[in-house]
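What follows is a single structure, written as structure tokens, with notes after it.
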Amino acid sequence: MSDIGDWFRSIPAITRYWFAATVAVPLVGKLGLISPAYFFLWPEAFLYRFQIWRPVTATFYFPVGPGTGFLYLVNLYFLYQYSTRLETGAFDGRPADYLFMLLFNWICIVITGLAMDMQLLMIPLIMSVLYVWAQLNRDMIVSFWFGTRFKACYLPWVILGFNYIIGGSYRWLPSRRGGVSGFGVPPASVRRAADQNGGGGRHNWGQGFRLGDQ
């Protein structure tokens, strides 16, 4: 355990807190301590019911289940890897600048999420950091799975395709008639809770794969 603690404390401060929140919030939802219905960025709940925490929780929450666990872990690795590289590289000694960049990216993603019905924001924010790192190191040769090598400037597009492939059961095009920003439809229990607490129950979720169904 001391090795894990030492590793965690070695992570740069901003990345460490981001990483911890991205582990803690899905765990809280998975254990049922708080209903996941409160974590999604539902425009009606945020704009009209003043549930102002939703942009924050949607940034850290991901519905982990049998069909999404691998996708979640891979993107958690991307968060650790590329946020650490940025914080200790281009933004070394400038934590305020790095925090400002993250805040700017987050605001843009929240606005886009509200406009396009992107109700989970964890992966978009991670991808934004990965994109910044790739542009700052665009000529660096990077390795990916199966020994593939290419310039870093192409890495975001490769990972975007990778996320699409391993998350192939999920919708990727945003739609107000269904889908959750391409990362699946909330489980039936989440939708029932939303109907009960008024947290976005006016959505027509449509048909499709439901997280947690066997």
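For region 116-132, a residue qualifies if it is touching a helix residue (DSSP H, G or I) at 6+ places or on another chain (Cβ under 7 Å), touching a residue at least 40 places away in the same chain (Cβ under 8 Å) and either open to solvent by 80 Å² or more (accessible area, probe 1.4 Å) or farther than 25 Å from Phe39 by Cα (or both), and exactly one does: Val132. All conditions but one from (1) part of a helix (DSSP H, G or I); (2) open to solvent by 80 Å² or more (accessible area, probe 1.4 Å) apply to Gln135; the one that does not is (2). Taken together, the residues in region 106-157 that are more than 18 Å from the chain's Cα centre (by Cα) and at negative phi amount to 19. Candidates in region 30-48 are the residues that are small (Gly, Ala, Ser) and surrounded by fewer than 21 Cβ atoms within 10 Å (Cβ to Cβ); of these, the one that is farthest from Met122 (Cα to Cα) is Gly32. Within the set of pairs 6+ apart or on separate chains, which have a first residue in region 102-114 that is farther than 18 Å from Ser83 by Cα, a second that is not in a helix (DSSP H, G or I), and C-beta atoms under 8 Å apart? Matching pairs, first to second residue: Val110/Leu41; Val110/Leu121; Thr112/Met118; Gly113/Leu41; Gly113/Gln119; Gly113/Leu121; Gly113/Ser181; Leu114/Leu41. Only residues that are at pLDDT below 95, β-branched (Val, Ile, Thr) and assigned to a helix (DSSP H, G or I) were counted across region 54-78, and they come to 1. Considering region 67-95, the residues that are of a type in the set (A, V, I, L, M) and within 17 Å of Met140 (Cβ to Cβ) include one that is least open to solvent (accessible area, probe 1.4 Å), namely Leu86. Of everything listed in (1) of a type outside the set (Val, Ile, Thr); (2) open to solvent by 80 Å² or more (accessible area, probe 1.4 Å); (3) assigned to a loop (DSSP other than H, G, I, E, B), the single unmet condition for Gln51 is (2).
The values are calculated or read from the model by the stated rules, or taken from the named source; none is laboratory data. In this text the structure is predicted, and so the values were computed from the model without any measurement. Please note: Cβ atoms are built from the backbone with ideal geometry, for glycine as well, and neighbour counts cover all protein chains shown. What goes into the accessible areas is simple: the full protein's heavy atoms, side chains included, and nothing from ligands, DNA or RNA. Shrake-Rupley method; radii C 1.70, N 1.55, O 1.52, S 1.80 Å.
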